[in-house]
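Enquirer: My structure is below; once you've seen it, I'll send some questions.
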Amino acid sequence: MNLTACGKTDQGLVRTNNEDNFYSDEKMGLLVVADGMGGHASGEKASSLAVSVIRDYFQGQQIMIGDRDPSFSEATNKLACAIRLANQAVYEASQSSPQLKGMGTTIVAVLLTGRKLSIAHIGDSRAYLVRAGTMEQLTDDHSMVNEQVKRNLISREEADLSEMKNILTKALGIQPELDADLDELTLLEGDILLLCTDGLSNMVTDDDALDMISSAADASAACESLIEAANKNGGKDNITVVIGYAWKEKWYSALMKFMEFFRR
């Protein structure tokens, strides 16, 4: 299975700086999105550091550190290890300076190995799967309001309007040791992946996002449409989106030839 991907980030209309970061590597099948927090420049540093540690891990020897979960594949355990190392790096950096103390970041990452998709996340940045005209959220927000929804204390509609919806129950770098939530699934040809920060998910409904992704000419156009919609709806936060299309080898080659024909 091949992955064609594009990512874009935007400051939004309210924030004075952009604390989001992302990384995409089509050949490796790795997509990562992070939303930093901590104020001033520390949130930006936290997300940038986390993303770079994960990137460097997969570009290196990928030595396993920490416990291996036998219920998941080797690739998923490596993704978990990369995030474990990123957590350690951000936490140690936060302890090195009073200006950085308390910084942290969300993280959501996927890794495609063959047809198997590994998913890992901490915080409320999300991964979605678009398949057969529907869009499914693959991650479960680590937020106070989501915990209240799961306990039937408030409705999903009340959660969307809550002033506490940005309060996280887990974030990377806040404590010295922390493991990500993990999952796996098998991708089918034509599946589309969306990774995003809450600057998108709080501003654009899932139904509207699905419509824009489904009608976009390619991943870049889909990213542009989503960011434009988030800003049109208020742009209250930094907005980061990464789109990945999954194709079998024969379909990927045919697609490239088709696109090349229309470029002429």
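Enquirer: Compute the separation of the alpha-carbon centres of the stretch 173-189 and the stretch 15-33 and state it in Å as a whole number.
Expert: 16 Å
Enquirer: Now, a different point. In the stretch 94-167, what GluC sites (Glu not before Pro) fall in a loop by DSSP, with at most 11 other Cβ atoms inside 10 Å? Write down the numbers at each step before the final one.
Expert: Details: sites: GLU136, GLU147, GLU157, GLU158, GLU163; in loops: GLU163.
Answer by residue number: GLU163.
Enquirer: Could you work out [θ]222 nm for the chain from helices alone, using -39500 (n - 2.57) per DSSP H run of at least four and dividing by all its residues? Round to the nearest 500 deg cm²/dmol. Numbers along the way, then the final one.
Expert: Numbers: 8 runs with 96 residues, N = 264.
One gets -11500 deg cm²/dmol as the mean residue ellipticity at 222 nm.
Enquirer: Quick check: from the Cα gyration tensor, does the stretch 1-126 come out rounded (a/c under 1.5), prolate or oblate? Let's see the in-between values first.
Expert: Working: a/c = 2.37, a/b = 1.40, b/c = 1.69.
The shape class here is oblate.
Enquirer: Okay, next question. So, with +1 on the Cβ of K and R and -1 on the Cβ of D and E, and no other charges, what is the size of the charge dipole of the chain about its Cα centre, to the nearest 20 debye?
Expert: Values: 25 positive and 39 negative charges, 137 e Å.
The calculated dipole for the chain is roughly 660 debye.
Enquirer: Okay, moving on. Using +1 on the beta carbon of Lys and Arg, -1 on that of Asp and Glu, and nothing else charged, what's the dipole of the stretch 154-217 about the Cα centre, debye to 20? If you can, show how the numbers build up before the last one.
Expert: Details: 3 positive and 16 negative charges, 51 e Å.
Charge dipole of the stretch 154-217: 240 debye, to the nearest 20.
Enquirer: Using a/c under 1.5 as the rounded threshold, could you call the stretch 94-169 rounded, prolate or oblate? The axes a ≥ b ≥ c are square roots of the C-alpha gyration tensor eigenvalues, and prolate needs a/b larger than b/c, oblate otherwise. Working shown, then result.
Expert: On the way: a/c = 2.96, a/b = 1.13, b/c = 2.62.
Judged from the Cα gyration tensor, the stretch 94-169 comes out oblate (a/c at least 1.5, b/c at or above a/b).
Enquirer: Consider a paramagnetic label point 7 Å from the Cα of ASP67 along Cα→Cβ; state which residues of the stretch 139-182 have an amide N under 20 Å from it.
Expert: 170-182
Enquirer: Can you pick out the pairs among LYS116/LYS232; LYS8/LYS165; LYS78/LYS150; LYS27/LYS236; LYS165/LYS232 whose Cα atoms lie more than 32 Å from each other?
Expert: On the way: LYS116/LYS232 36 Å; LYS8/LYS165 24 Å; LYS78/LYS150 29 Å; LYS27/LYS236 34 Å; LYS165/LYS232 21 Å.
Distance filter (> 32 Å) returns LYS116/LYS232; LYS27/LYS236.
Enquirer: Taking the number of other C-beta atoms within 10 Å as the exposure measure, put ARG156, ARG68, ARG126 in order starting with the fewest. If you can, show how the numbers build up before the last one.
Expert: On the way: ARG156 9, ARG68 14, ARG126 22.
Sorted ascending by nearby Cβ count, the order is ARG156, ARG68, ARG126.
Enquirer: Right, here's the next one. Expressed in nm to one decimal, what extension gain is obtained for the pair SER96 and VAL14 from 0.36 nm per residue of sequence separation less their Cα-Cα distance?
Expert: Values: separation 82, 0.36 × 82 = 29.52 nm, distance 2.98 nm.
26.5 nm is the gain from fully extending SER96 to VAL14.
Enquirer: Considering the zone a paramagnetic label at GLU26 would reach in this model (a point 7 Å from Cα along the Cα-to-Cβ line), which residues of the stretch 200-218 have amide N under 14 Å from it?
Expert: So the set is 218.
Enquirer: Which whole-number percent gives the relative contact order of the stretch 2-263, counting Cα pairs below 8 Å spaced six or more residues apart?
Expert: Details: 573 pairs, mean separation 69.7, N = 262.
Computed value for the stretch 2-263: 27 percent relative contact order.
Enquirer: Pull out the extension gain between THR186 and ASP206, defined as 0.36 nm times the separation in residues minus the alpha carbon to alpha carbon distance; nm, one decimal.
Expert: 5.0 nm
Each value in this text was obtained by applying a stated rule to the coordinates, not by laboratory testing. Just so it is clear, the structure is predicted and the values come from calculations on it, not from any experiment. Positions of Cβ are backbone-derived with ideal geometry, glycine not excepted, and every protein chain shown enters the neighbour counts.
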